[in-house]
Structures are given as structure tokens and as C-alpha cells.
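Peer 1: The structure follows.
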Amino acid sequence: MGELTVVPIIAVITLIVIFMFFWFVPVGLWIAAVAAGAPLRISELIGMRLRRVNPNIIVKALISGHKAGLTVATTELEAHYLAGGNILNVVSALIAADKAKIDLTFQRSSAIDLAGRDVFEAVQVSVNPRVITTSRISALALDGVELIATVKITVRTNINRLVGGAGEETIIARVGEGIISAIGASETYEDVLENPDIISKTVLDRGLDAGTAFEILSIDIADVNVGKNIGAELQAEQAEADLVVAQAKAEERRALAVARKQQMTANVQEMRAKVVEAEATVPRALATAFREGNLNISPMTEGE
């Protein structure tokens, strides 16, 4: 019974050892790489395990690059993996760039990937330009009429400026600023409606893609609508404000006139009171003069 119990244990241990061996020594991946013609030694796969690099991703990327005719070093793939990069995305970008005759090295591609940008998508946009539609842009012509425009911007990725270059938000902001400035320089809103291409050409000639990760190919005015007559509204508001000020000044003058009239009335009443007071002193003065003999009253003769 003891020998029968030991046999299954040995079998399980053997299976575990075999499993660990083939996991540590990925013979299957080495066979796949050799079958695909990719230059890879089994010792390199063992080294990947020791360096905690996923050999499945490395082998897949190596085979993809080799089938596309690219020469990619295993050490470069490992280094990019350990740096936290997306190896498969980088290799796909290299393959797409090679087919499109775009000069893109592994070093630049990996730098773009580590910068947080989708390098494969960048290559695709470089081959097939992207159209960015802005939101509604409101601007005033010199005659005070508001124009609301929608702009379509056709851009292509600039691989050389992808690392450190500004993104789509900067492009949209700059174009919006240029549209507002161009419409603001127009004499009337009718000029813009008649020739909207003048605005797009003016904005395009400013080189708004400088310092960005894109190259602007065209700026097209998709839609232009007439908004409010801001100039007329401002004039009406100014006229209303002037009217309020004039009314206030007129009310001030009226109040001042009323105050003056009241003051004059008070002065007249005061003068009347003084006259009445003076008239009241006359009889008393006459009586005093008569008592003191200062006032002589002679009877009138008949002849007089």
C-alpha cells in the first residue's frame, strides 16, 4: 500500500516539474519564432523570464516586425517593455509607417509611445488626414453684426513634432481666435457672407500649427449664420442710458427750481411779517410821543 501511495505523488511532482520547466523555458514560443524565421535563441527567452519580461508579447512583436520586413532588436523591445511602453502598438506603427514611406525609427516611435500618445493612430492620421469640426464660433464684424461660424479643420500628424507638440485643443483654440480676428477686421457682415473663403485663407496663412503635433492642410467654413445686431443693441442701450441721465438731470433742475421758489416764498413771507411788525409799532410810537408832549395837535380853523 505504501508503494502504491508513493507512485501518484511522484507522478504529480513530475507533472509539476515539467510544467514549471516549460513555463520557465518557453519552448513553444521559441518554436513559433523559429518557424516564422525570427532571429531568437532559447537562451534569450530564458533571460526574459529572469528579467520578468513577458516573452509572449516580445515574440509576437518580433514575429510581426520580421514578417513585415523590419529589423527590430530583441533588446530594444525588452527595454521598451520594462519602461512601461506598448510594444505591439509601437511595432504596428513602424509597420504602417514603413508601408506609407514615412521615416520613423524605433527610437522615435518608442519615445512617442512613452510620451503618452498613440503612435499607431498618429501614423494613421499622418497617412489619412483627420477632419476636426469646431463648435459654433461667434464674432462681430465692424458694423456690429454678429456672425456664428462652424469650421472644419483638416490636419495631418507631424511625426517630428509629436513629442512635446500641442494637441488638437490648441489647434481648435488658435483657429477660433483667428476666425474671430478675421471677422472682426471685416467692414460689414455681408463681406464675410459673400466671400467666406477669404476668412479661411487669412487664418490659414497665419501658420497656426506652429509648435503643435499637427500640420493644418485646410480650414473650411462649413456654415455661417447671422446672429444679433450687437452694434444696434449697444446703441439702443446707450441711448436709453443717455435718456435716463437726461431725465435725472432734468429732475435735478426741477427740484432745484422748486427749492428756489420755496426759498423766495419764505423770504416774501418773512418780509411781510416784518412789515406787519413795523406797522404795529406806529400807534405805540404816536401814543408815546403824544404823552411826552413831542406831538402837538392843533385844532383846524374854519378857514383852513
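Peer 1: Cβ neighbours within 10 Å, averaged per peptide: list 38-48, 241-251, 128-138 in order, most packed at the top.
Peer 2: 38-48, 128-138, 241-251
Peer 1: So, by mean Cβ neighbours within 10 angstrom, what's the order for 179-189, 57-67 with the highest one leading?
Peer 2: Packing proxy ranking, top to bottom: 57-67, 179-189.
Peer 1: Let me cross-check Val276: its accessible surface, 1.4 Å probe, with only protein heavy atoms counted, in Å² to the nearest 10?
Peer 2: 90
Peer 1: If packing is taken as the mean number of other Cβ atoms within 10 Å per residue, what is the order of 76-89, 257-270, highest first?
Peer 2: Most protected by this proxy first, the peptides run 76-89, 257-270.
Peer 1: Send over a whole-number figure in Å² for the accessible area per residue of segment 136-244, probe 1.4 Å.
Peer 2: 52
The values are calculated or read from the model by the stated rules, or taken from the named source; none is laboratory data. Since this is a predicted model, take the numbers as computed values, not measurements. Note that we place each Cβ from the backbone using ideal geometry, even for glycine, and neighbour counts take in every protein chain shown. Accessible surface is based on the protein model in full, side chains and every heavy atom, while ligands, DNA and RNA are left aside. Shrake-Rupley method; radii C 1.70, N 1.55, O 1.52, S 1.80 Å.
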